[in-house]
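The values are calculated or read from the model by the stated rules, or taken from the named source; none is laboratory data. The structure presented is a predicted model; accordingly, all values stated were derived computationally and were not measured. Cβ: placed from backbone, ideal geometry, glycine included. Neighbour counts: every protein chain shown. Note: areas computed on protein heavy atoms with side chains; ligands, DNA, RNA excluded. Shrake-Rupley method; radii C 1.70, N 1.55, O 1.52, S 1.80 Å.
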Amino acid sequence: QVQLVESGGGLVQAGGSLRLSCAASGRTFSSYTVGWFRQAPGKEREFVAVISWSGEYIYEVDSVKGRFTISRDNAKNTAYLQMNSLKPEDTAVYYCAAKRGSSTSTAHYAYDYWGQGTQVTVSS
């Protein structure tokens with residue numbers, strides 16, 4: 001069982017930065033793949049980025065490449081999403097999720113555990 005708690009969201013102007021954190025409980029966090037997803041009002045949940053358990057494999061959706069960076073610190077049981085050059089279209093609730101096993105996935109249904117989400121609002 002893994003419990004995830006996101007933090008770091010907020011209101012920022014376009015071009016600004018935020019760093020989201022995903023703190024996990026449980027001693028096996030290092031064996032889980034972690035993904036970040038987001039959901040804007042009236043839209044479906046969208047994949048943002050994924051990082052393998054070791055941190056060796058990273059994939060980010062094209063719309064955030066070069067602006068967002070996913071990382072993790074297994075010693076701290078925490079994953080991060082550094083978001084730079086934010087745009088109004090990045091406004092959404094951001095969720096972190098964890099999945100068992102070594103395979104990565106961009107599909108939300110592949111993930112076993114979810115955080116409660118943190119709101120990110122980017123003003124123009």
Cβ-Cβ cut-off under 14 Å around Val34, Lys and Arg +1, Asp and Glu -1: the net charge is -1
In sequence order, what are the phi-derived ³J(HN,Hα) couplings for the stretch 36-52 according to the Karplus relation 6.51 cos²θ - 1.76 cosθ + 1.60 with θ = phi - 60°, rounded to whole Hz, with x for glycine and proline?
-> 10, 10, 9, 9, 8, x, x, 10, 6, 5, 10, 5, 10, 7, 9, 9, 6
What number comes out for the charge environment of Phe47, summing +1 per Lys or Arg and -1 per Asp or Glu over other residues with Cβ under 12 Å away?
-> -2
Give the accessible surface of the chain per residue, rounded to a whole number of Å², with probe radius 1.4 Å and ligands, DNA and RNA excluded.
-> 51
Once the mean 1/r over all distinct Cα pairs of the stretch 18-124 is inverted, what Kirkwood radius in angstroms do you read off?
-> 13.8
The stretch 1-69: proportion of alpha-carbon pairs further apart than 18 angstrom, % | 49
Mind checking the dipole of the chain: about its Cα centre, +1 per Lys or Arg Cβ, -1 per Asp or Glu Cβ, Debye to the nearest 20?
-> 180
Sequence-distant lysines (8 or more away, or on other chains) whose Cα lies within less than 23 Å of Lys65 = Lys43, Lys87, Lys99
Qualifying trypsin sites (Lys or Arg not before Pro) for the stretch 19-84 [loop in DSSP, other Cβ within 10 Å: at most 11] = Arg27, Lys43, Lys65
Within a Cβ distance under 11 Å of Ala107, other residues only, what is the Lys/Arg minus Asp/Glu net charge?
-> +2
Along each of the three principal axes of the Cα atoms of the stretch 44-104, give the extent in whole Å, ordering the values from largest to smallest.
-> 33, 23, 19
